[in-house]
Structure formats: structure tokens, C-alpha cells
Amino acid sequence: MRMHTTGASLGLVGLAVLLAGGSVLGHHSFAAFDMEKTASLTAVVKEVQWVNPHVWIQLMVTDASGKAVEWSIEANSPSSMSRRGWKPKTLKAGDRITVMMHPMRDGRPGGSLVSVVLADGTALGGSATTETPAPGPNSTPGSSRGR
């Protein structure tokens, strides 16, 4: 009888691990983004949301008709971004930047951050899935600049 109870307990623990593992793996999916394409946007920062589980950069982009369109760019976690040299105040509302990102598969205005080039040419990597961008005139590979 004792062995049967232990076996049932182990079975429940195993089931819990499998269920939790599926949630973790699902969370890290890049399925919404076209990881085969990289697009460039020149935009003005509207807002930066430095929150877990992912940093979000809200951008205003002027489309071909002259209309301002809000784009949502998903970045890594705040801790991961910090390890790449980012700080909560690296970008602020009103900054004009160029963003390299993997666009949404469905064409909505959004993407997964690859890198950012600041107005002064400083290049900042932002993605664990790609290498740091080629440096701008005022940066070196892996450079960072907090404001």
C-alpha cells in the first residue's frame, strides 16, 4: 500500500512538471513573428514599458499616406536587456530612432526587437536570437548608452 501511494504522488508530480513545462515553452514562442525577415523602421518613441516578462517599445511611425501609426515592438526581459547595456531610461518619449525588427506574420504594426540605432548613431543590440548590430559611428560592438 505504501508503494502505491508513493507511485501516485510521483505520478502527480510528473504531471505537474509536464503541465508547467508546456506553459514555459509556450511563453517563449516566436511564432507570431516572421523570424526569416528583418525590417527597419524610423520612428519616434511614444513609450517604453520596462516590465516583466518583456520590455515593450511603443513607436509612432509615419506611413506612406502621412498618417501616424503606432507600432508595438516586443523586446527581451528587463534583466536580459540590462545585460545588453540597456537601462530603463535608454529610450525616452520623443527620441527618434531606427529599429531593426522581425515583423508580425499577420502584417499588424509590431515586431520582435533585433536592434536599435539612436539618433547619434549608437547601436544597441536587443535580441537573444541575433547578434549585436553593426556599430554606428559612435559605438563599438556591444556598446551601450544609458540616459
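Since every read-out is calculated from the coordinates, none of them should be taken as a lab result. What you see is a predicted model, and the numbers here were worked out from it, not measured in a lab. Ideal geometry is used to build each Cβ from the backbone, glycine not excepted, and the neighbour counts take in all protein chains shown.
What to note about this one:
- Members of the range 61-79 that are hydroxyl-bearing (Ser, Thr, Tyr), more than 23 Å from residue 105 (Cβ to Cβ) and under 17 Å from the mean Cα position of the chain (by Cα): 79
- If only residues of the range 40-60 that are within 13 Å of residue 93 (Cα to Cα), over 14 Å from the mean Cα position of the chain (by Cα) and of a type in the set (A, V, I, L, M, F, W, C) are counted, the one that is surrounded by the most Cβ atoms within 10 Å (Cβ to Cβ) is 43.
- Residues satisfying the stated conditions in the range 99-113, i.e. more than 15 Å from residue 48 (Cα to Cα) and in a strand (DSSP E or B): 100, 101, 102, 103, 104
- Number of positions in the range 101-119 that are of a type outside the set (Val, Ile, Thr) and surrounded by 23 or more Cβ atoms within 10 Å (Cβ to Cβ): 5
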